[in-house]
1. Within the bounds of the stretch 436-449, is there any residue that is at pLDDT below 90, crowded, with 20+ Cβ neighbours inside 10 Å, touching a Ser or Thr at 6+ places or on another chain (Cβ under 6 Å) and not β-branched (V, I, T)?
2. Quick check: is even one residue across the stretch 219-237 in a helix (DSSP H, G or I), at pLDDT 95 or above and not β-branched (V, I, T)?
3. With the condition kept exactly as written, say whether any residue in the stretch 418-425 is closer than 22 Å to N312 by Cβ, open to solvent by 20 Å² or more (accessible area, probe 1.4 Å) and among the aliphatic types (A, V, I, L, M).
4. Considering only the stretch 317-353, how many residues are over 18 Å from Q622 (Cα atoms) and either open to solvent by less than 40 Å² (accessible area, probe 1.4 Å) or acidic (D, E) (or both)?
5. For the stretch 587-629, name all the residues that are at pLDDT below 85 and part of a helix (DSSP H, G or I).
6. Could you list all residues from the stretch 238-275 that are hydrophobic (A, V, I, L, M, F, W, C), open to solvent by 10 Å² or more (accessible area, probe 1.4 Å) and in a loop (DSSP other than H, G, I, E, B)?
7. Give the number of residues within the stretch 564-586 that are in a strand (DSSP E or B), open to solvent by less than 40 Å² (accessible area, probe 1.4 Å) and at pLDDT 85 or above.
8. Please enumerate the residues belonging to the stretch 356-385 that are under 26 Å from C241 (Cα atoms) and open to solvent by 60 Å² or more (accessible area, probe 1.4 Å).
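The values are calculated or read from the model by the stated rules, or taken from the named source; none is laboratory data. Please read these numbers as outputs of a predicted model, since none were measured by experiment. Every residue, glycine as well, gets a Cβ built from its backbone with ideal geometry; the counts of neighbours run over all protein chains shown. Calculation scope for accessible area: heavy atoms of the full protein, side chains included, ligands and nucleic acids excluded. Shrake-Rupley method; radii C 1.70, N 1.55, O 1.52, S 1.80 Å.
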Amino acid sequence: MTISRFSPFLASLLLTLLLTAFGPPPPTNPVHGRPKTQARPALSGPVQTYATGHFLIHYTLKGEDAVARTDDDGNGLPDFVEAVAEALEFSWQRQVEAMGWRPPLLDEGEGGDSKLDVYLEDQSHLFGNGDLFGYTDTFGGFTGDNPATPKEETDTAYAYLSLDNDYDPDQFDLYELDPLDAMRTTAAHEFNHALQSAYDDEDPYAWIYEATAVWAEDELYPELDGARSYLADYMDAPDLCPLSVGRDDQDVRWYGGWILLRYLAEQHGGPETIRRLWENMAELDGLTALEATLREQQLTLAELLVNFAVANLLKSDCPANAPYCYAHGSDYLRPYVEGSLRVEAGAAKTFVPKDGVQHFGADYIRLKSDGPIRLAFRGSPAGKWQLRLVGLTGATAKVIPWTHSSPTTADPSAFEKLYLVVVNTAPAEAEEDCGYHNYTLALAAAGNNDPPEAPPLPRDPGPYVPPAYMVGGQEEGVAPAPILSGGQPITLEEAPFPPFYPGYLPFDYSLSDLLSYTSANLDEWAQDYAPGGEPVLGLIYDRGENPDDYLALLQSPAPPQTLAEWVEAMGYLETDIRLVNDHEVHLVEYHDESGRLSVATFIHHDRFIVVEAPFDLIEMQQVVAGFLANNP
């Protein structure tokens, strides 16, 4: 198995086995269908090694894999190699000695001795896209039983690690993250993979390998917040099964699953619980091992999933709203809200979600009315449904269980906000088990004399069909917003209307230009992004000389149509309309050979707003949320 840590900004699918990268392994006797000895990376120049107490680091000073020769302390060892050695030994001390994980298996001497080998190589030349921070490879290291334990395992393996040779910020899009910090978190991540293989290298719960490794890097380096960058793919589709690698536009969803392990550890037993999960995985397959671990904590799978779903909605810092809280819940991204439903006095309405909820997933629905409403739920019998009504007043939450088989009454006006959380606790043993199960909802104002009855269930849908994105320069369904040109620089006094300003900007961004556009400046395509006509006011923000570091905020009169009608007229997908701070926003991220661009489009008061920047979705959602908070 090859397991890797990707940049959350340019990540792609999980790596396949490294045969194609390093050539076929030697023709030795296969064990469990895999060769018994490992091929190792070939560095670009003469190989030097440096041994620590537990690791043997391989590096070179020549070619594309070369580490910098800088040696400030004059001890003859490059400073970067010293930093790698310190990070690796810190990971060993924390994960093995302090947290009690099994040491990695000894290899067969392929790297020169039996220590855990670590190769420093330029990751970009391995797979051509520069998005790989490092990887752990067990291919050829399969042993079956771990000889260091009294029990007989069946699926253990030894490994080697590969880390980048410099963590160049330009290559990895590191922004404010220091290159050495990127190396440290990657070392913690990859070392955890090596520890995992001492328990089980072939578990059907493939997601848990990456989720645990990200959890480990966050455990060792919480101050760096690196794990947060993986949350967008997870929280953007909370109705997907954690086992699912996600939609085509969700490259690192398995990595985002660390948040479930973070919740489990913080609420039930601490880091030892995650280690116990892997000890159980050494003897049991994924789902059975997870359930056994939860029983040790006197917890059921359904209880974990429901409490986890509510905690993600609340984002509370413990002890507030315990057990629906995290130590640093306010730092995390709030999950996507599936719908916002308002019931007027005497009225009734129904709701059918776009695609249901997969195993272990959750939907969030905002409920609004000026008085009590009655609700009825109907769920697919293939799902196992748990419902919670969550009322928010200030920072205090009230969580109300709802037995889905019976109608209930709730009063949204009694809270500042009221949500319905729909959780499907049906178990899944492997990714192929993760399917959507549908549900419907009926709502009626208390004064409506007709009892609510949930609509008939549609058939459970097939696998989610993702929206098409720009791939390799080929336009596939979602086209970018235009880059406007020809605007007239103006002063604030000359602006056709008082501009709305963002409430959040990334570090060091400042206003550089205020531009006015007329129809003469806009081609037909650009005019689609000003459907209310002129004037169009553009606020351009940047942070220095790099033209790629920009944010454009375009404002024009609101059109007579709704956002949904504009999306339909443009041929875009309704599924890309998301709720940000309870406001409908059409939000997409797409890629071509030149990089990434996120575009947010929405109507606010009397303005049609377009925000575009080379950000990922989590950063763009923060920009939109800040804008809405700053312009109530």
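1. No, because not a single residue in the stretch 436-449 is at pLDDT below 90, crowded, with 20+ Cβ neighbours inside 10 Å, touching a Ser or Thr at 6+ places or on another chain (Cβ under 6 Å) and not β-branched (V, I, T).
2. yes
3. The answer is no, given that none of the residues of the stretch 418-425 is closer than 22 Å to N312 by Cβ, open to solvent by 20 Å² or more (accessible area, probe 1.4 Å) and among the aliphatic types (A, V, I, L, M).
4. Number of matching residues: 12.
5. Answer for the stretch 587-629, where residues must be at pLDDT below 85 and part of a helix (DSSP H, G or I): L617, I618, E619, M620, Q621, Q622, A625, G626, A629.
6. Across the stretch 238-275, the qualifying residue is only V245.
7. Within the stretch 564-586, residues that are in a strand (DSSP E or B), open to solvent by less than 40 Å² (accessible area, probe 1.4 Å) and at pLDDT 85 or above number 2.
8. R378, P381, K384, listed by residue number.
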